[in-house]
Amino acid sequence: MNTKLPSNQVQFYLPNLDSLESSEQAFADAFLKTAQTLHQYLEQIKSAVKAIKEFADEPFNLAILGLYTKMCSHYYSYVLLEIYQQDQVGVNFLVEQLCDATITLMYLLEEAEPALFYEYISTSIEQACSLLVNINEELKESPKSLELIKLKEKLEVFIATHKEYPTRYSSSSKPKIKWGSPEADTTSKRAAVLGLNFICSPARQLSLRVIPASWLDLQLNYSYFSHSHPSSPELSINFTRLRDTAHLCLHATQAFLDEIAYNYNLSSASLALHQNRLTSLYEWFHNAHKMYQLHHSPKL
């Protein structure tokens, strides 16, 4: 029996670019409306996949669904900040979270190797064990800290739940390279392979290692405190980033649907409809950005 994802829950309206005013506010409103449609569409797909009874039986499926859920959540939060608040600190955080989740999702879906997934899980098991040691040391100083106690309980549940994972799911040997390490082919390297370094800035990843609120942090990240640097220019909506994050979510959704279609016999008619919608959204963001640049890029 074919699996069919519902397709009539989202009002699939995309603003008409031919009748769009050339003002920046008009473009902002149009991008927001289309982002709302995209977000509702992503949420619809997520809900439909969660409803597949057999889906949650495999740890791999739970991982990709969790990453997809995080992608959906951070995408719309980012759009709201970009358009309404223009909060650069919040935008940077959300874009980084969005990219890490989305690129990891695409990597797991495209590679889909048991050894790779074991590497992904085992690294978190090791990190949980390390954090538990740290918490036990902290509890010696603050034995009544409810936050520490609750975190300890969560970590213990996680470790107990996954204690059989290495013997059940791993290959014969433990991975030599940990997931997320500089040598591993994970988020940062995968971003380069996919051509996404324009979103995931290596320089920003390094600058995040600076101690928060240190003098170096102020000089690097809040240069308006220094008299030797000019004041930061007035912030404006980054329409290129709006386009790029939407395209990233669309690419990941295509890979996500391909996985469902392959393993859960998604009907060809349903898959074709969703592919058409993904294409329509992709083209809208591409064309809207191109039109915005035509009206608002500085003339040389």
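The values are calculated or read from the model by the stated rules, or taken from the named source; none is laboratory data. Please read these numbers as outputs of a predicted model, since none were measured by experiment. Reconstructed Cβ throughout: ideal geometry from the backbone, glycine too, with neighbour counts over all protein chains shown. Each accessible area value is taken on the protein alone, full model and side chains, heavy atoms only, with ligands, DNA and RNA left out. Shrake-Rupley method; radii C 1.70, N 1.55, O 1.52, S 1.80 Å.
Observations
- Residue satisfying all of: in the range 101-137; open to solvent by 60 Å² or more (accessible area, probe 1.4 Å) and closer than 29 Å to Tyr78 by Cα; nearest to the chain's Cα centre (by Cα) among these: Glu110
- Close pairs from the range 106-126: first over 20 Å from Tyr262 (Cα atoms) and among the hydrophobic types (A, V, I, L, M, F, W, C), partner at pLDDT below 85 and surrounded by fewer than 18 Cβ atoms within 10 Å (Cβ to Cβ), Cβ under 6 Å, at least 6 apart: Ala115/Ser171; Ile121/Tyr165
- Inter-residue pairs, beta-carbon under 8 Å, first part of a loop (DSSP other than H, G, I, E, B) and surrounded by 10 or more Cβ atoms within 10 Å (Cβ to Cβ) and in the range 202-216, second at pLDDT 85 or above and of a type in the set (A, V, I, L, M, F, W, C), 6+ apart: Val210/Leu216
Residue-wise test of (1) in a helix (DSSP H, G or I); (2) closer than 24 Å to Glu111 by Cα; (3) in contact (Cβ under 8 Å) with a residue 24 or more places away in the chain; (4) in contact with a strand residue (DSSP E or B) (Cβ under 8 Å, 6 or more places away or on another chain).
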{"residue": "Asn61", "(1), (2), (3), (4)": "yes, yes, no, no"}
{"residue": "Gly66", "(1), (2), (3), (4)": "yes, yes, no, no"}
{"residue": "Thr69", "(1), (2), (3), (4)": "yes, yes, no, no"}
{"residue": "Ser73", "(1), (2), (3), (4)": "yes, no, no, no"}
{"residue": "Tyr78", "(1), (2), (3), (4)": "yes, no, yes, no"}
{"residue": "Leu81", "(1), (2), (3), (4)": "yes, no, no, no"}
{"residue": "Tyr84", "(1), (2), (3), (4)": "yes, no, no, no"}
{"residue": "Gly90", "(1), (2), (3), (4)": "yes, no, no, no"}
{"residue": "Glu96", "(1), (2), (3), (4)": "yes, yes, yes, no"}
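- Close pairs from the range 241-264: first touching a residue at least 12 places away in the same chain (Cβ under 8 Å), partner open to solvent by 20 Å² or more (accessible area, probe 1.4 Å) and of a type in the set (S, T, N, Q), Cβ under 6 Å, at least 6 apart: Tyr264/Thr3
- Each residue in the range 33-58 was checked for being open to solvent by less than 40 Å² (accessible area, probe 1.4 Å), touching a helix residue (DSSP H, G or I) at 6+ places or on another chain (Cβ under 8 Å) and part of a helix (DSSP H, G or I), and 11 pass.
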